Each structure stands twice: as structure tokens, then as C-alpha cells.
Protein chains: 2
Amino acid sequence: MTVGMRHDDLRRRNRAMVIAAARRGGQASRTEIAAITGLSHSTISAISSDLIAERILTETRQEAPALKRGRPQVGLALDPQAACAVTLMLSLNSLSATSLDYAGNLLEEEHRRLDTRALPRDELIGECMDILRRRLEHPAHAGRQVLRIVLAVQGITDAEARSMLWSPITPHTDIPFADLLEASFSIAVTVENDCNMMAEALRWRDPERYRDDFIAILLSHGIGMGLVLKGSMFTGTHSSGVEFGHMVHRPDGALCRCGRRGCIEAYAGSYAIWRNATGHDENEEPRGDIEETEMQALAQAARDHDGPERRAFRIAGEALGFGLGSLFALIDPAPVAMVGLNAAAFDLIGPALREAIARTAGGHHSGSITFDTQPDQVALLREGCAMRALTFIDHRIFAAGRAAQGEPAPLHSSLIA
Amino acid sequence: MTVGMRHDDLRRRNRAMVIAAARRGGQASRTEIAAITGLSHSTISAISSDLIAERILTETRQEAPALKRGRPQVGLALDPQAACAVTLMLSLNSLSATSLDYAGNLLEEEHRRLDTRALPRDELIGECMDILRRRLEHPAHAGRQVLRIVLAVQGITDAEARSMLWSPITPHTDIPFADLLEASFSIAVTVENDCNMMAEALRWRDPERYRDDFIAILLSHGIGMGLVLKGSMFTGTHSSGVEFGHMVHRPDGALCRCGRRGCIEAYAGSYAIWRNATGHDENEEPRGDIEETEMQALAQAARDHDGPERRAFRIAGEALGFGLGSLFALIDPAPVAMVGLNAAAFDLIGPALREAIARTAGGHHSGSITFDTQPDQVALLREGCAMRALTFIDHRIFAAGRAAQGEPAPLHSSLIA
DNA sequence: CACACTTTTTTCGCGGCTCGAAAAAAAGCC
DNA sequence: GGCTTTTTTTCGAGCCGCGAAAAAAGTGTG
């Protein structure tokens with residue numbers, strides 16, 4: 001509330017709403033948009049025809065044959081030709097990238113395996129540069145302008161989404177990816193936390209269930225979280241925040257990958273489950289990487305008989321439950337989606353988790369806590385990045401208008417900000 | 001972003017900014033406001049003259065003699081006659097109330113002692129009704145209209161600020177104070193959490209230090225928290241939220257007043273410190289109330305010699321430290337203000353607290369964690385309530401305009417919402 | 001003490017925005 | 001084919017913020 005509102009801010013916001021309605025899909029008609037936004041039909045009509053003239057939206061025949069009388073509604077949809085976005089996803093030993101048109105259709109993609117932990121800093125950056133360059137030079141774009149690049153990384157990013165501050169996938173820290181990529185390609189870039197992107201994807205996948213308040217928990221080698229509160233992504237004040245895995249479960253407890261003790265992750269990460277299931281001491285240095293099959297074998301053993309494996313998953317559930325309980329003391333309960341490899345073992349984790357939550361403040365009104373497993377972590381991440389990139393174009397570039405007026409538009413000055 | 005922006009929303013927001021500038025004090029001139037808001041001088045001039053005509057603002061001679069050349073700036077200040085606000089503060093065994101003019105000056109106040117824990121539900125409500133009625137009938141208002149009532153309670157309120165859901169001061173729950181008071185007095189009411197109001201007060205007292213991100217922790221019989229993130233009060237999704245005292249410190253640990261185990265409060269509340277200092281078992285039922293002098297005696301004993309008292313304060317510090325560490329894993333570190341009785345014992349609590357934080361994720365970048373003690377809990381609460389009530393009038397009523405145009409204005413319809 | 005100078009505040013006309021009402025368009029119904 | 005219904009566009013009106021210019025209210029100077 002520091003800065004005043006000028007007249008064009010108004011138009012910008014209302015344009016953004018029309019674009020957002022089209023982005024939500026369902027071929028919203030002008031009349032529907034007017035009803036949703038509360039704006040007058042004239043306003044929506046004016047904005048729509050502007051957007052169509054600027055080749056941002058297109059009219060689509062309503063596919064439903066419209067049994068009703070009266071002039072049929074004309075659906076508004078995003079013009080796929082309006083722009084492109086590129087997403088980069090950097091994970092442990094894996095770098096992938098996609099190109100998308102403005103409507104969100106996948107144009108093409110590439111996946112590379114590389115040893116991220118061993119790679120020197122320059123080469124890690126170089127790999128990202130190269131895969132991005134190959135996207136930009138790819139013929140699939142067919143003349144469309146790439147207006148936005150999103151790079152999602154495992155680990156902590158800064159609040160301005162410009163740098164990777166720390167990541168488990170590499171020993172290198174504070175890599176200013178956004179600055180580096182923008183300097184080379186002159187296209188606006190943001191660097192995002194992978195769990196936040198997964199949460200973003202859930203909003204688009206199931207807007208009924210995941211709308212204003214919900215939690216995405218990544219159960220894999222480490223524990224991550226994406227948190228949406230009151231309709232917007234919750235981030236830290238300086239960093240991408242919400243390092244749920246490093247909330248303290250047991251003071252001075254088990255040794256965590258981060259070097260500290262007692263973190264939730266030190267009980268619920270893959271390495272912690274493995275450590276407990278295989279009879280290793282909880283103070284033992286965490287293993288670097290664990291094969292998916294190995295975790296599946298542990299889960300199967302836990303399902304087969306009551307033994308250390310079952311106990312290990314129970315301990316994981318307990319740590320997650322108490323952690324969620326503490327979180328819910330702060331934000332009130334909300335639906336939870338479990339994502340990632342170990343979400344497949346939620347049958348082993350869930351009971352102890354629920355039991356632990358019930359013993360905390362969060363268990364008070366546990367009605368609104370529902371758990372749901374989303375196994376396809378990779379697809380979720382890709383979708384989230386795509387939507388983040390596209391909605392950025394919606395809001396920052398197309399809502400502002402006066403840029404895509406046919407001409408190439410000044411890339412360096414206006415699009416990077 | 002669901003609802004579109006109309007034309008008058010624009011004016012409303014810009015009016016609100018001018019009022020806010022006056023509320024911040026310093027007799028801001030039109031020129032300064034134009035600079036701060038980024039709006040043009042003409043706009044600020046138009047809005048100011050409207051607000052002066054509506055008797056919301058007044059011009060004040062700049063008291064500084066203005067050594068500069070040129071036409072001297074004319075300060076804008078709130079017109080104390082524009083409205084009134086009433087605050088009610090309900091705490092353990094205490095009910096107090098104040099009347100304020102629109103500029104925030106105290107008109108008069110009343111304080112009552114009553115046995116809140118023993119009082120039947122109706123009588124508790126009745127006491128609030130009565131003290132409010134006495135305020136409204138008090139001659140000090142001198143014809144000014146009371147436009148807002150804020151009731152702050154210890155305990156949990158709902159997210160809409162209409163009901164007290166639970167409180168340690170009474171066995172009764174779910175009391176819809178806002179509905180009850182509005183039905184009787186036809187003045188808009190909100191019900192707020194006391195710690196949130198203390199945080200609100202800190203923003204006004206020391207805006208340099210406590211601005212966008214900070215934490216107020218109430219150290220008294222229980223442990224409370226008010227949290228400001230990214231410039232706005234952080235609340236739960238359903239309740240006033242941020243029940244920091246009931247985050248889990250040690251799973252299945254000490255018995256808490258809330259009936260659960262291992263909460264931070266069960267180690268750091270007055271009753272917990274007393275329990276540990278006097279050699280009682282940590283599973284023992286918490287004492288209901290502890291005199292201020294008794295806690296001071298424990299603190300003195302802890303300062304005098306190394307014994308169970310010192311250990312009790314250290315345990316409290318440790319619990320708070322690990323709790324803050326977990327919190328900082330979620331939101332990143334921020335300045336902390338310690339408020340309330342046991343803030344006076346921060347010399348005993350602080351070292352263990354810092355040590356514990358250093359062992360958590362929050363200790364990573366501990367640079368931005370500063371601790372500060374604010375002993376005058378009562379004054380802080382009163383200030384916070386006052387500012388909450390007055391800024392509500394600023395935003396919801398005066399920024400909207402077209403209401404206080406001389407006439408009494410339709411109370412029932414427009415002011416309650 | 002008059003006049004120049006400086007800074008703040010107001011005035012005025014312009015362009016842009018949204019709105020409501022009415023008109024136009026595009027169907028189905030009989 | 002004409003009537004009805006619903007959607008969309010058009011048109012004039014009313015507000016609002018802006019920039020430029022004017023007015024206002026002081027200080028400095030000779």
C-alpha cells in the first residue's frame with residue numbers, strides 16, 4: 001500500500017483478469033467473464049477486442065452445441081502463437097527442459113543425465129546455458145518469441161527468484177542463474193524452488209481441492225514443501241522458504257544431511273528411512289543417494305513383516321506428523337498432497353503420521369486435513385514450471401499491453417524486470 | 001484477484017493512502033504525500049481538499065519554522081473530531097476499555113477486575129456489554145460518532161475476527177462477541193487476538209525496526225505470538241493462528257495447559273518454569289495462575305545461584321530457541337520483540353535461546369535475528385487495539401467517502417460489514 | 001518596503017477508463 | 001419468415017489522474 005494507483009493500473013488489472021479467465025480454460029465467454037469479475041459487459045467487450053487485436057486471445061467456437069436459444073456465447077481462448085515459454089528443471093543428476101506455446105502445449109523437450117554433484121560450478125552453469133540455447137534455436141518455436149524462462153531447482157532460492165542459494169544436488173552455492181541467463185539470452189528468467197512449482201501445478205490440476213490453502217510435501221531423498229496460503233504461494237522473507245524438512249523434530253536428535261541434528265528430514269528422508277531400516281545408527285553420516293528400487297524393496301519388506309523396515313517408515317510418519325502438527329499450530333489445518341518417491345509408501349507412513357498429528361495442536365480440528373498422494377513428481381514439476389512461466393507472461397507482459405503491437409518490441413529494456 | 005477493479009476503487013485506494021500518510025504523523029504535506037505515493041500533485045491536492053471538506057483531515061501549521069525559502073508546506077493531520085473508537089481488552093481476571101478520538105488521543109478509560117474463570121458465560125458477555133455501554137454513554141465523546149469497536153482477547157479468535165473460539169481465561173468457547181455487540185450497539189466490531197494487537201502496536205512505535213517482517217512473543221503464563229510478514233499481519237486460515245506456544249518441542253514431552261504434551265508452552269510458560277524450578281514433575285497438572293512476584297522471586301533466585309531455578313529458565317530458553325528455529329526454517333529469520341512478564345527475565349532465557357537457535361536451520365543466517373524486550377505489555381496491547389480500530393475507520397469508512405457528508409449517515413446498513 | 005526568487009498548492013483542459021442503456025447480432029422457436 | 005432470447009457491441013456520460021500553467025505564500029535583497 002505504499003504506492004498510489006494510476007489510471008492505467010486499473011486497465012492492467014482488468015486485462016489481467018480477462019487473460020486469467022482464458023488461462024483457466026473452459027472457453028469462458030465475455031458474459032461469463034463479466035459475471036465473474038463483476039465488471040460491466042462493455043468493459044469486458046472492450047478489453048476482449050483489444051486482446052484479440054493484439055493477438056493474445058482468439059475466439060473459439062463453443063464446442064458444446066448450445067441447446068439454448070439466443071445468440072450463442074463465443075469462447076475466448078489463449079492464442080497459442082502469442083508467445084513461448086521455456087522451462088528448465090535441475091534436479092539431482094538430471095537436467096531437463098521444455099518449450100511451450102502460449103496456450104501451454106508442449107512443443108518439444110530434452111532430458112540430460114549428468115553428475116550434478118561432481119560437476120564444477122562453471123560446467124553446471126554451462127549445461128544449463130547449453131540446454132537453454134538448444135531450446136531457443138529449436139525450429140519448433142516457429143517464429144514465436146520466447147518471453148519467459150523458469151528454472152526450477154531442488155533447494156533454496158532467494159525471495160526475488162534470481163539465485164539458487166543452496167542445493168543438495170551440488171556443493172556450489174549462491175549461483176545467480178537469473179542474472180547469468182538473462183545476460184546471455186536477454187529473456188526474463190526466474191529461479192524457483194521445485195516444491196513451490198509442484199504446489200503451483202496442483203492448483204491447475206485440481207482447482208476444486210487445491211485452491212486457497214493447501215500443502216504439497218515432497219517425500220524423497222530429502223523432504224520439501226510447497227505451501228499455498230490464502231490463495232498465494234507462501235515464501236520466506238529472504239528465501240524461497242518453507243524448509244519444512246528442517247524444522248526440529250527432536251532437539252539434538254538424528255544427524256541430518258544439512259549437518260544439524262533432529263530435523264524432520266533426518267527421520268523421514270529416504271536416507272533416514274534407509275538408515276533406520278537397515279540398523280544403522282541415527283548419528284551416522286547420511287548416504288548420498290539411494291536407488292528407487294532400494295526404497296521400494298524396503299517398503300515391500302515393511303509391508304511383508306513387522307521389523308526394522310516397518311519401524312523405519314513409522315518413525316518417518318511420526319516425524320512428519322509432529323512437524324505437520326507444529327505447522328498447523330501456525331497456519332491451521334489444510335489439505336495435504338504427498339508427492340515423490342516415498343509418497344508411494346504412504347500406506348506405511350500415514351497411520352503413524354495421523355496418530356502423531358492427533359497428539360498435537362493441529363489435530364484439534366482435523367476435519368480439513370485430507371491426504372492425497374500424487375505419484376508423478378516429474379510431471380507435476382514440469383506443469384508447475386510451465387504455469388509459472390505462462391502466468392508471468394500473462395501478468396507482466398500481456399496485461400501491461402502496448403508491447404506486442406505487431407513489432408518485435410524492445411526485448412532488453414522492457415521484458416527483463 | 002477474483003474481482004475486477006472499478007473506477008471508484010481507484011479513488012478509494014488513493015484516498016486511503018492520503019489518510020494513511022496523515023495517520024503516520026509528521027504532519028505530512030501535500031508535496032511529501034505526492035512524492036511518497038507517486039501520484040501527481042493535482043491528484044493529492046484534490047483528494048486533500050475533499051478530505052478537509054469532509055472534516056476528516058485538518059491543515060496544521062508546520063511547527064518547524066521552515067528556514068527554507070518558498071511557500072511553506074502545510075501539514076495535514078487527522079481531525080480529532082472526525083470520529084471515535086472504543087477498545088475493549090479482556091484478559092485473565094481483567095477487563096479494560098478505552099475511548100479514543102480519531103487522532104488517537106485517549107479520551108477516557110475504565111478498568112475492572114473480575115474472576116473471568118469463574119464467571120458464567122452470560123455474565124462474562126454482560127460485563128463486556130456493560131463496560132462498552134458506559135463508554136458509549138460517557139460525555140467525553142462530545143457528540144463524536146463511535147465508528148469502530150475492537151475487542152482483544154487472550155486466546156484464539158476466528159479468521160474473520162468475529163468470535164472468540166477458545167481462551168485460557170474462561171472455560172467458555174465460541175463466543176460470537178462481534179455479533180452480540182453489533183446487535184446491541186449497531187457499531188462495527190472485530191474480535192482480535194491480543195498478541196496480534198501487540199505486534200500491531202510495535203509497528204507504530206518503532207516503524208524503523210518493526211516494519212515488514214518481525215515477531216512479537218508474549219512470555220507470560222502462556223506463550224503467544226504476533227507475526228508480521230511482508231508488511232501484513234499473519235493469521236491462520238481459519239483462526240487468528242500462529243499458536244507458537246503449541247508447536248511441538250519434544251514429542252510426548254511435558255504436560256501442557258492445553259492437555260497435550262511437549263508443547264513449547266509446557267516448557268516456557270510461567271507455569272512450566274515454576275514447575276521445573278520447584279522440582280515438580282513435568283507431567284504434573286499446570287497451576288492455574290502464578291503471581292507476578294512469585295515469578296520475579298524465581299528469576300532472582302536463578303540470578304543468585306546455579307540451581308533448579310536457573311535450570312528452569314534455561315529449559316524455557318531452549319524450548320523457545322528450538323521453536324524459533326523451526327519457525328525460521330519456514331519464514332526466514334526476523335527481528336523478535338519479547339513482551340510480557342517473563343520478558344523481564346530474558347537475561348536468564350536469552351543465552352539458552354540463542355544457543356538452541358544456532359543449532360537449527362534458523363541459525364544459518366542469524367544476522368537478522370535481534371532480540372528486544374518490551375516490558376509494558378498492557379500499554380502495548382492498548383496501543384495496538386487503538387491503531388487497529390482507527391485504521392479500520394481510515395480504510396473502510398473514510399476512504400470510501402460519501403458517508404460522513406455532514407449527516408448522521410446510515411449506521412446499520414453501511415457501517416457494519 | 002518593493003521586488004525578485006523559490007517552493008507549495010490550486011486550477012484547468014485533456015485523455016483514458018468504466019458504466020448503463022440502447023442497438024446490433026446471432027442464434028432457436030413456431 | 002417473423003418472433004423471442006441471449007450475447008455482444010456501440011455510444012454518450014461521468015470520474016479520475018495528469019501535465020502545464022497559474023496562483024499563493026513565504027524568504028532574500030537592495
Handout entry: Subset of region A:35-47 [more than 9 Å from every other protein chain (Cβ to nearest Cβ), under 31 Å from the mean Cα position of the chain (by Cα) and within 11 Å of DNA strand C (Cβ to nearest atom)]
Key = A:ILE47
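Confirm whether A:ASP304 is assigned by TED's automatic domain parsing to the domain that holds A:GLY262, in contact (Cβ under 8 Å) with a residue 40 or more places away in the chain and charged (D, E, K, R).
Numbers: assigned by TED's automatic domain parsing to the domain that holds A:GLY262: yes; in contact (Cβ under 8 Å) with a residue 40 or more places away in the chain: no; charged (D, E, K, R): yes.
When the stated conditions are applied, A:ASP304 does not pass them.
Among the residues of region A:66-89, how many are more than 29 Å from A:ASP50 (Cα to Cα) and in contact with a Cys (Cβ under 7 Å, 6 or more places away or on another chain)? Quick ask: steps written out before the conclusion?
Going residue by residue through region A:66-89, those that are more than 29 Å from A:ASP50 (Cα to Cα) are A:67, A:88-89.
Imposing the further condition that a residue be in contact with a Cys (Cβ under 7 Å, 6 or more places away or on another chain) reduces the set to A:88-89.
Number of matching residues: 2.
Which one is farthest from B:LEU78 (Cα to Cα), of the residues in region B:1-11 that are near DNA strand D (Cβ under 9 Å from one of its atoms) and in contact with a helix residue (DSSP H, G or I) (Cβ under 9 Å, 6 or more places away or on another chain)?
Here is the first cut: in region B:1-11, the residues near DNA strand D (Cβ under 9 Å from one of its atoms) are B:7-8, B:10-11.
Next cut, in contact with a helix residue (DSSP H, G or I) (Cβ under 9 Å, 6 or more places away or on another chain) only: B:7, B:10-11.
Working: B:HIS7: 26, B:LEU10: 22, B:ARG11: 19 Å.
Per the stated criteria, the residue is B:HIS7.
Return yes or no: is A:ALA178 modelled with pLDDT under 95 and part of a helix (DSSP H, G or I)? Walk me through how you get there before you give the answer.
Values: modelled with pLDDT under 95: no; part of a helix (DSSP H, G or I): yes.
Here the answer is no, as A:ALA178 does not meet what is asked.
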Practice task
Select from region B:135-144 the residues that are surrounded by 14 or more Cβ atoms within 10 Å (Cβ to Cβ) and either β-branched (Val, Ile, Thr) or without any contact (Cβ under 8 Å) to a residue 40 or more places away in the chain (or both) and list them in ascending order.
Solution key: B:HIS138
Fill in the blank from the handout: Among residues of region B:7-34 being within 7 Å of chain A (Cβ to nearest Cβ) and of a type outside the set (A, V, I, L, M), the residue farthest from A:ARG13 (Cα to Cα) is B:ASN14
Completion exercise
Across (1) within 14 Å of another protein chain (Cβ to nearest Cβ); (2) within 16 Å of DNA strand C (Cβ to nearest atom), A:GLY70 clears everything bar (1)
Practice task
Kindly establish whether B:ILE290 is touching a residue at least 60 places away in the same chain (Cβ under 8 Å) and crowded, with 21+ Cβ neighbours inside 10 Å.
Solution key: no
Problem - A:PHE244 over 26 Å from A:GLU127 (Cα atoms) and surrounded by 22 or more Cβ atoms within 10 Å (Cβ to Cβ) - result: yes
Practice task
Would you be able to tell me the number of residues in region A:274-283 that are in contact (Cβ under 8 Å) with a residue 24 or more places away in the chain, under 17 Å from A:ARG250 (Cα atoms) and loosely packed, with under 12 Cβ neighbours inside 10 Å?
Solution key: 1
Handout entry: Hits in region A:326-351 - residues which are crowded, with 21+ Cβ neighbours inside 10 Å, out of contact with any strand residue (DSSP E or B) (no Cβ under 6 Å at 6 or more places or on another chain) and of a type in the set (Gly, Ala, Ser)
Key = A:ALA329, A:ALA345
Practice task
Only residues in region B:30-42 that are charged (D, E, K, R) count as the first member; pair them with residues that are near DNA strand C (Cβ under 8 Å from one of its atoms) and assigned to a helix (DSSP H, G or I), Cβ under 8 angstrom, at least 6 apart or cross-chain, and list the lot.
Solution key: B:ARG30/B:HIS41; B:ARG30/B:ILE44; B:ARG30/B:SER45; B:ARG30/B:SER48
Practice task
Give region A:347-368 a look and list any residue that's more than 11 Å from chain B (Cβ to nearest Cβ) and either under 22 Å from B:GLY155 (Cα atoms) or under 21 Å from the mean Cα position of the chain (by Cα) (or both), or say none.
Solution key: A:SER366
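With respect to B:MET198, is the statement that it is surrounded by 22 or more Cβ atoms within 10 Å (Cβ to Cβ), outside the structural domain of B:ALA312 (by TED's automatic domain parsing) and of a type in the set (A, V, I, L, M, F, W, C) true? Give the steps one after another, and end with the answer.
Numbers: surrounded by 22 or more Cβ atoms within 10 Å (Cβ to Cβ): yes; outside the structural domain of B:ALA312 (by TED's automatic domain parsing): yes; of a type in the set (A, V, I, L, M, F, W, C): yes.
Criteria met by B:MET198.
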Handout entry: Scan of region A:190-211 for residues that are among the hydroxyl-bearing types (Ser, Thr, Tyr) and either within 14 Å of chain B (Cβ to nearest Cβ) or without any contact (Cβ under 8 Å) to a residue 40 or more places away in the chain (or both), ordered by number
Key = A:TYR210
Exercise for the section: Please work out which residue is farthest from A:GLY323 (Cα to Cα), limiting yourself to region A:212-233 and to residues that are within 7 Å of chain B (Cβ to nearest Cβ) and assigned to a loop (DSSP other than H, G, I, E, B). Expected result: A:LYS230
Exercise for the section: For B:ALA316, state whether it is within 14 Å of chain A (Cβ to nearest Cβ), among the small types (Gly, Ala, Ser), touching a residue at least 24 places away in the same chain (Cβ under 8 Å) and under 24 Å from B:ILE215 (Cα atoms). Expected result: yes
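The values are calculated or read from the model by the stated rules, or taken from the named source; none is laboratory data. If you're wondering where the values come from, they're calculated on a predicted model, not measured in any experiment. Neighbour counts run over all protein chains shown; Cβ positions are idealised from the backbone, glycine included.
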